[in-house]
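Below: the structure, in structure tokens.
Computed from the coordinates by the stated procedures, all read-outs in this text should not be read as laboratory data. Treat the numbers as computed from the prediction; the structure is a model and nothing was measured. Here the Cβ is made from the backbone with ideal geometry for all residues, glycine too, and neighbour counts use every protein chain on show.
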Amino acid sequence: MAVKQRTPEVLRALQQVMQSTDTGDLEHALECLNLHQEHKLETRVYAEIMQSMNKIGMPKRALSWFQTAQNHWDELDVRIYTCAITACARSRDSRGACQLLKLMSDKGVRANTVTYSAVISACEKGGEWRKALQLMEEMQIKGVTANTITYNSAISACARGAQWKRALQLLQDMQDKGIPANTITYSAVISACEKG
């Protein structure tokens, strides 16, 4: 997946893009990418750009960079897929997030905790509590460990769906597994109980 031999031009492009994304200067990062389009840059450069766009509230641009990366690379890594899924979550596009998760699986890319947390967050924002719980089960089957963020998203999905019993079950599951709950966890459980 990574470029085997980096020319000085590619190294310079990587350095310029990474420095620009670190400082939040996306316009300069994009300029650098455009200047070096003839070089096949690593997917991590695209992931950095996408992550920065997600952070500043530009998920649609992040998704357009994902499509650009798809056009340049036959294989993408878990990080770039996760950035695209996060963009879907920020756009409240649970269907798009689930489709990307399936695409990852079809391409043989193993989803990790961060990936699943992003998909479950998209389901929560899209009002898809059943799908969120289904993904929690899928994680367990595939041996992917859920964390506090994963559970918070699933509990919030249950709260949106007025599924207080399921929210309490998830809280109990967290406690049984020794996963720490936080203010967000308890707020989501309380919200679920209020709605139920």
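Points worth noting:
- Charge sum, other residues only, whose C-beta stays under 12 Å from residue 140's C-beta, Lys/Arg counted +1 and Asp/Glu -1: -1
- Trypsin sites (Lys or Arg not before Pro) restricted to DSSP loop in region 40-109 with at most 12 other C-beta within 10 Å: 40, 107
- Segment residue 106..residue 138, full-extension length gain: 10.0 nm, with 0.36 nm per residue of separation and the alpha-carbon distance subtracted.
- Region 72-147: GluC sites (Glu not before Pro) in DSSP coil with no more than 16 other Cβ atoms inside 10 Å: 75
- For region 147-162 and region 81-126, distance of Cα centres in Å: 15 Å
- Computed from the Cβ-Cβ distance with R0 of 22 Å, the FRET efficiency linking residue 72 to residue 95 stands at 0.30.
- Max-minus-min Cα coordinates of region 46-196 on each principal axis give 47, 30, 23 Å, with the largest extent listed first.
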